[in-house]
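Remarks on the structure that follows.
The values are calculated or read from the model by the stated rules, or taken from the named source; none is laboratory data. Please read all numbers here as calculations on a predicted model, not as lab measurements. All Cβ positions, glycine included, derive from the backbone under ideal geometry; neighbour counts span all protein chains shown.
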Amino acid sequence: MRVAIDTAKCQGHGQCVMTCPEVFSADDQGFAVALQPEVPASLVEKVERAALRCPERAVRIERA
Amino acid sequence: MSDREALNRAVSLAREFDNTTPEFLEHEFETYQALREALPIARSERRAAAGVGAAWVLTRYDDITEALTNPADFSNQTANYPVRPWIPQAVDPPAHTAYRRILNPWFTVDAMSKLEPHLEQYASELVQKMVAKPAFDFVADFADPFPTVIFCELIGFPLGDYAQIMDWKNMTMHAADGHARGAALVRERGLKLGLTPNAVGGFSPEDGMKIRVDVGREVYAYFAKLLDARRKEPRDDLITKLLAAEFEGKRKLTQEELEDTLFLLFMAGLDTVASVLGLIVRHFALDPEKRREFVALMEDPERVGAAVEELVRFHAIVTSPRRVTRDLAFHGAQLRSGDFVALPTPAANRDPAEFPNPDAIEYDRTPNRHLGFGLGPHRCLGIHLARREVRIALQVFHRALPEYRLDPAHPPQLFGGMKGVASLPLLRA
């Protein structure tokens, strides 16, 4: 699984950072950054939950 | 009810729609549901009569999110600001983006996380004092001072001005929404200005605006004084940071921009967390089972965050106004340039198409893309502070007093519009 932030949509709500800090972080403006675009199997479930909590629908998940 | 009756009822509800009264709150979600099902983009004559042009009320989650994320067609330049529009709330992109770039770094998760020990300590101090009293008011003793004092410290308003600041806020935000203190202060100010109250003790929209302008000038003069003081003697606060800030890295902010930004921070920071906390604790006083369910999970770091989000979904307070910028076909409705659109986030947050079983609090609800903090470029700047304040306030209060009930002799006082609770006397259960 790969994950990316749609920077045109992200407004810095921080839901992904709160839900899965192993994969998401915030830049100095508070917008989300995906630290590990390649999601390890152990974090797949958390990343999916982060995507479901993003009100802007800015967390993009791609499955191989 | 037949479809035809449902439609006719919705047309009547839309015509009379006015969510700025406390009475509206008695049938708030029933009204939003009736509109959403039969007339999700509703023309409201009552709102139009209040001097805002043709007015529409949207109630579907999808329509409200679409409007909030399309600032080109749905502008924040909605007039009706006393003295001058507030920055960045009343500004559209691209200037809005430049102002937010100045403010965003001061309100990030990291910046707000550093405040947590202080939030805990101050919340505990207020709660200890409150529960030691024989009778207490959750709003006056806790929900009002907690976020207000924290915000005053952050911006740099002297704490000695607390009472004055609350009065200015109440006159600006709660002149005519059922808030007793706001109405009394506005009446006093109106009489001082030589204005004549109407039969019910309020003022005409024109006179109401004169009062808001008079109060606004006073607040602006206060800001000007504080800005001068920080120019001479900088401190570690947002007033000082604003003075050093640069618009697009090119120029300092003008005196007017500085004051208009402080005005927005002032209005957005003082009221919102207090209102949400008041609504949640009133709900908990009436629904002990939901309260106990929260108390049982509130120390679990894996669950408490989602639980707070769900409470904010359930008790969202903001109805965002927008102005339509061009003639626009919007899901079958013909909107005209200049029309006013009301976007009630409480209605969006109870749409069953987005939130199954929307009128139940489900602490682990996923997905939960609620609009309690808004959406799009104008989403709440203070989101990370507000979230922490709501969580810490609920934890600290319920650790000290997990069981309580309403005081039957002194029922809570609600206000409409940017809704909330003006007073909430509680008794130990």
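No other residue among B:Asp364, B:Asp359, B:Asp351 is part of a loop (DSSP other than H, G, I, E, B), within 17 Å of B:Ser320 (Cβ to Cβ) and among the acidic types (Asp, Glu) apart from B:Asp351. Taking B:Pro147, is it more than 14 Å from chain A (Cβ to nearest Cβ) and surrounded by fewer than 20 Cβ atoms within 10 Å (Cβ to Cβ)? Taking the combined requirement at face value, the residue does not satisfy it.
Give the residue, chosen from B:Ala183, B:Ala163, B:Ala221, that is over 23 Å from the mean Cα position of the chain (by Cα), part of a helix (DSSP H, G or I) and among the aliphatic types (A, V, I, L, M).
Values: B:Ala183 fails: over 23 Å from the mean Cα position of the chain (by Cα); B:Ala163 fails: over 23 Å from the mean Cα position of the chain (by Cα).
Residue meeting the stated conditions: B:Ala221.
Just a yes or no: is a residue in region A:46-61 at pLDDT 95 or above and on the phi > 0 side of the Ramachandran plot? Scanning region A:46-61, I find at least one residue that is at pLDDT 95 or above and on the phi > 0 side of the Ramachandran plot, so the answer is yes.
So which of B:Arg326, B:Arg282 ends up being basic (Lys, Arg), more than 14 Å from every other protein chain (Cβ to nearest Cβ) and either surrounded by 23 or more Cβ atoms within 10 Å (Cβ to Cβ) or in a loop (DSSP other than H, G, I, E, B) (or both)?
Details: B:Arg282 fails: either surrounded by 23 or more Cβ atoms within 10 Å (Cβ to Cβ) or in a loop (DSSP other than H, G, I, E, B) (or both).
Exactly one of B:Arg326, B:Arg282 is basic (Lys, Arg), more than 14 Å from every other protein chain (Cβ to nearest Cβ) and either surrounded by 23 or more Cβ atoms within 10 Å (Cβ to Cβ) or in a loop (DSSP other than H, G, I, E, B) (or both), namely B:Arg326.
I want to confirm something. Restricting to region B:96-132 and keeping residues that are of a type in the set (S, T, N, Q), within 24 Å of the chain's Cα centre (by Cα) and assigned to a helix (DSSP H, G or I), which single residue is surrounded by the fewest Cβ atoms within 10 Å (Cβ to Cβ)? Restricting to residues being of a type in the set (S, T, N, Q), within 24 Å of the chain's Cα centre (by Cα) and assigned to a helix (DSSP H, G or I), the top hit is B:Ser113. The number of residues in region B:70-95 being more than 14 Å from every other protein chain (Cβ to nearest Cβ) and under 21 Å from the mean Cα position of the chain (by Cα) comes to 18. Within this structure, A:Ala34 fails the test of being in contact (Cβ under 8 Å) with a residue 60 or more places away in the chain and either more than 8 Å from every other protein chain (Cβ to nearest Cβ) or closer than 22 Å to B:Leu103 by Cβ (or both).
For every residue, the table says whether it meets (1) in contact with a Cys (Cβ under 8 Å, 6 or more places away or on another chain); (2) surrounded by 19 or more Cβ atoms within 10 Å (Cβ to Cβ); (3) assigned to a helix (DSSP H, G or I).
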| position | (1), (2), (3) |
| --- | --- |
| B:Asn198 | no, no, no |
| B:Arg212 | no, yes, yes |
| B:Lys225 | no, no, yes |
| B:Leu243 | no, no, yes |
| B:Gly249 | no, no, no |
| B:Thr261 | no, yes, yes |
| B:Asp271 | no, yes, yes |
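Among the residues making up region B:200-209, a single one is part of a loop (DSSP other than H, G, I, E, B), surrounded by fewer than 13 Cβ atoms within 10 Å (Cβ to Cβ) and of a type outside the set (Gly, Ala, Ser): B:Val200. Within region A:19-64, count every residue that is closer than 22 Å to B:His378 by Cα and of a type in the set (Gly, Ala, Ser). Adding up the residues that qualify gives 7.
Which of the residues belonging to region A:6-31 are within 10 Å of chain B (Cβ to nearest Cβ), crowded, with 17+ Cβ neighbours inside 10 Å and either at positive phi or not aromatic (Phe, Trp, Tyr) (or both)? Residues satisfying the conditions are A:Gln11, A:Gly12, A:His13, A:Gly14, A:Gln15, A:Val17, A:Met18, A:Thr19, A:Ala26, A:Gly30. For region B:331-384, the set of residues classified as of a type in the set (Ser, Thr, Tyr) and more than 9 Å from chain A (Cβ to nearest Cβ) consists of B:Ser337, B:Thr345, B:Tyr363, listed by residue number. Whenever a residue of region B:197-224 is without any contact (Cβ under 8 Å) to a residue 12 or more places away in the chain, it has no partner that is part of a helix (DSSP H, G or I) and among the polar types (S, T, N, Q) lying with C-beta atoms less than 6 angstrom away and at least six residues away or across chains. Scanning region A:42-57 for residues that are in contact (Cβ under 8 Å) with a residue 12 or more places away in the chain and more than 11 Å from every other protein chain (Cβ to nearest Cβ), we see that the one that is nearest to B:Arg365 (Cα to Cα) is A:Val47.
Report whether or not B:Arg47 is outside any loop (DSSP other than H, G, I, E, B), modelled with pLDDT under 95 and under 20 Å from the mean Cα position of the chain (by Cα). Give the derivation first.
On the way: outside any loop (DSSP other than H, G, I, E, B): yes; modelled with pLDDT under 95: yes; under 20 Å from the mean Cα position of the chain (by Cα): yes.
Yes.
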